[in-house]
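Accompanying notes for the structure given below.
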Amino acid sequence: METLFAPPDQEWHPISPSYKAYDRLGHAVWWILLSTVPAVIVGLTSGLWWISAIIWAAGLAVLVSQLILVERRWRAWGYALRNEDLYITHGVMFRKLTAVPYGRMQVVEVTSGPIMRMFNLATVKLVTASAQTDAQIVGLPPERAAELRDQLTSLGESQASGL
């Protein structure tokens, strides 16, 4: 099964270890808000604070399970530059491998929001003619993202010129 998600004779490039802290923060904020808002509403409107405690406990249980999976999610991300295409893989339970031919790339975007910049991270997104392409590499250091952008743009131009 591993060969299904691995390019032959290629080394996977990992994403930045800083992505783990970014992922932990995202899950912590999301699950704390998702459990606190309904817990407070239930407690204030009905006065049944024991139900609020159950909601908080459930949110905490989900948060802990998500934090345990951060390392596995980080290890699942990778990309490989091949002669003709770029392979991107990610996913723990539902694994995904995307192969993007360089000649089909139309746009290579680098994005980094304020929280990602706080963790010194960026995302490289690839746009092709297909509306279904969601090829992106998250959690790269900005220097590597810029280098990859330039490399992919160059490879895309050289491959497209042969069409």
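No other residue among LEU44, LEU63, LEU48, LEU25 is surrounded by fewer than 18 Cβ atoms within 10 Å (Cβ to Cβ) and either assigned by TED's automatic domain parsing to the domain that holds LYS125 or within 20 Å of the chain's Cα centre (by Cα) (or both) apart from LEU25.
Checking each residue in segment 2-22 for being on the phi < 0 side of the Ramachandran plot, more than 20 Å from the chain's Cα centre (by Cα) and not in a helix (DSSP H, G or I) picks out PRO8, GLN10. Taking the criterion of being surrounded by 14 or more Cβ atoms within 10 Å (Cβ to Cβ), of a type in the set (Gly, Ala, Ser) and outside any strand (DSSP E or B), the residues of segment 67-122 that qualify are ALA76, GLY103, SER112.
Residues of segment 22-67 that are hydrophobic (A, V, I, L, M, F, W, C), over 30 Å from MET118 (Cβ atoms) and in contact with a Gly (Cβ under 8 Å, 6 or more places away or on another chain): TRP49, ILE51. For segment 84-98, a tally of residues being free of Cβ contacts under 8 Å to residues at least 60 places away in the same chain, of a type in the set (A, V, I, L, M) and in contact with a strand residue (DSSP E or B) (Cβ under 8 Å, 6 or more places away or on another chain) returns 1. So for segment 21-34 (the condition being more than 21 Å from GLY139 (Cβ to Cβ) and either in contact with a helix residue (DSSP H, G or I) (Cβ under 8 Å, 6 or more places away or on another chain) or touching a residue at least 24 places away in the same chain (Cβ under 8 Å) (or both)), does at least one residue qualify? Within segment 21-34 (the criterion being more than 21 Å from GLY139 (Cβ to Cβ) and either in contact with a helix residue (DSSP H, G or I) (Cβ under 8 Å, 6 or more places away or on another chain) or touching a residue at least 24 places away in the same chain (Cβ under 8 Å) (or both)), the answer is yes, since at least one residue qualifies.
Of all the listed residues (THR98, THR3, THR111, THR89), the sole one being modelled with pLDDT of 95 or more and closer than 30 Å to ALA129 by Cβ is THR111.
The values are calculated or read from the model by the stated rules, or taken from the named source; none is laboratory data. Everything quoted here is computed from the prediction, not taken from an experiment. Cβ coordinates were reconstructed from backbone atoms using ideal geometry, including for glycine residues, and neighbour counts include every protein chain displayed.
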